[in-house]
Amino acid sequence: MKVLVINCGSSSLKYQVLDMSNESLLAKGLVERIGIEGSVLKHEKTNVEEKFIQETPMNDHKDAIENVMEALKDPVYGVVKSMDEIGAVGHRVVHAGEKYAHSVMIDADVIAALEECIPLAPLHNPPNLLGIAACQALMPNTPQVGVFDTAFHQTMPPESYTYAIPYEYYEKYGIRRYGFHGTSHKYVAERAAFMLAANLEDLKLITCHLGNGASVSAIKRGKCIDTSMGFTPLAGLVMGTRSGNVDPGIISFIADKEGITGDEVLEILNKRSGMLGLTGISSDFRDIAEAIEDGNERAALALNVFAHRVRFFIGAYIAEMNGVDAIIFTAGVGENDVNVRDIICSELGNLGIKLDLIKNKVRGKETIISRDDSKVSILLIPTNEELMIARDTYALVK
Ligand code: ADP
């Protein structure tokens, strides 16, 4: 069966087509500037070097998906003769609240539940729902599956997810820790068990998803028991442009000093903080590494603040799980930044965590990077959220 995986943002749409008989990637692409002047689709077929690029106005997600369908049927760049060959569509949906701990077939009840979660993810769920509606309209006979960023974290115990604020806010408004990147944390946890030739149920894992957005999870016996993101994806680690955890008292203090609203402060914490805010240069770790080489002290400080926060969570999660068997690095920074992994893992030897500095000199490859005498394995695992979405979709439809 061929599965189409769709990930809709407010003005963008990423997609992949996978052949689930061998889990191979047939084609992938990206539509940008949906509803904005200059809409463009960039499509790549596996083993065809040249990209197919189409610049044409796309007013909404339905237009975008129509163009994707044309690309998928293209005689040269396409992978199907007709869309009937697509057995199912898997949609990444950010927030499913407390309703779903697993992926589900999408029906009217599911849509209603996801609409109820819009206040919890006002930027993400609406475009996700637009993508679902567009696919339902254009492929009315094809099963649609929802795969949720929050689902994997639903196994957290109440003491992990409950905030110490008046309990009625949880009851009335659903304010609690939800966590995100769940599909990625789950994928790398499963790969880790495979690489260690162990049962996931026997392992205590700490998964570090370090990309533009970043989060750490504690996974015990295959179940997430804690994660660093919270009610929103602003919490936890220092990120590209997000502050991660700060004292909430800062919000009204900045608002007061700068003569701005609380919402405007939150915008600053989301978009102008993190590595960008600290360095004043860039949110991208490659730019920051260059700046450090040029002697930029604030860039060096930013990197240390980032690493300090990751180490802080690693320590906390070792305590929570009473030990750890493996620490996993994934996503853009985790997979590629040799120096960041080195700083995070340095001086953890007393906890049995010893990075092999030679093995660590690797990018984007699934491999073990701890020393042979390290009690805790350190793994580099490129994430693959699309494959995970395709697997869940296939499993539900099959
Ligand atoms: P997201 O999916 O959250 O947008 P990614 O997981 O793709 O983010 O990570 C993107 C980030 O990864 C970039 O902003 C950059 O900081 C970092 N990155 C990518 N490649 C490298 C590299 N070769 N060295 C260091 N950092 C890198």
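The values are calculated or read from the model by the stated rules, or taken from the named source; none is laboratory data. What you are looking at is a predicted structure, and each value in this text was computed from that prediction instead of being measured. Cβ atoms come from the backbone with ideal geometry, glycine included; neighbour counts cover every protein chain shown. Just the protein is used for accessible areas: all its heavy atoms, side chains included, with ligands, DNA and RNA removed. Shrake-Rupley method; radii C 1.70, N 1.55, O 1.52, S 1.80 Å.
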Rounded to the nearest 500, what is the chain's calculated 222 nm mean residue ellipticity when only DSSP H runs of at least 4 contribute -39500 (n - 2.57) each, over all residues? -11000 deg cm²/dmol
Relative contact order of the chain: what whole-number percent is it, with Cα pairs under 8 angstrom and at least 6 residues apart? 14
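Can you give me the % of accessible surface on the chain that is carbon or sulfur? Probe 1.4 Å, all protein chains present, nothing else counted.
49
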Quick check: from the Cα gyration tensor, does the chain come out rounded (a/c under 1.5), prolate or oblate? rounded
Which one of A192, A214, A134 has the biggest mean-square fluctuation once the chain is modelled by GNM with Cα springs under 10 Å? A134
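Based on the Cβ-Cβ distance from A112 to I53, what FRET efficiency comes out when R0 is 51 Å, to the nearest 0.05? Kindly include the intermediate steps, with their values, before the conclusion.
Details: r = 38 Å, r/R0 = 0.74.
My answer for the efficiency is 0.85.
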Would segment 122-222 count as rounded, prolate or oblate if I go by the C-alpha gyration tensor, calling it rounded below 1.5 in a/c and otherwise prolate when a/b exceeds b/c, oblate otherwise? oblate
Extend 7 Å from the Cα of S11 along its Cα-to-C-beta direction; within segment 112-147, residues with backbone N under 19 Å of that point are 122-131
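Which net charge results when you count Lys and Arg as +1 and Asp and Glu as -1 among the other residues whose beta-carbon is under 13 Å from that of I65?
Net charge around I65: -1.
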Starting from the Cα of I260, step 7 Å toward the Cβ, then list every residue of segment 284-303 with an amide N under 17 Å from that point. none
To test your reading of the geometry: what angle, between 0 and 90 degrees and rounded to tens, separates the Cα axis of helix 297-321 from the longest principal axis of the chain? 90
What residues of segment 113-149 lie in the reach of a label at M83, counting those whose backbone N is under 20 Å from a point 7 Å from the Cα along Cα→Cβ? 127-147
If ligands, DNA and RNA are left out, what is the accessible area of R33 with a 1.4 Å probe, given in Å² to the nearest 10? 110
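Just check segment 327-398 against the gyration tensor rule for me: Cα atoms, a ≥ b ≥ c as the square roots of the eigenvalues, rounded for a/c under 1.5, and otherwise prolate or oblate depending on whether a/b exceeds b/c.
prolate
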Counting alpha carbon pairs within less than 8 Å and at least 6 residues apart, what relative contact order, in whole percent, applies to segment 98-159? 55
Using only the heavy atoms of the protein chains and a 1.4 Å probe, how would M321, M69 rank by accessible area, largest first? M69, M321
7 Å from Cα along Cα→Cβ at both E37 and H308: what's the point-to-point distance in nm? 4.6
What is the Cα centroid distance between segment 112-162 and segment 297-333, reported in whole angstrom? 29
Quick check: pseudo-label points 7 Å beyond the Cα along Cα→Cβ at N141 and N245, how many nm apart are they? 5.4
E201 accessible area, 1.4 Å probe, all protein chains in place, Å² to nearest 10: 100
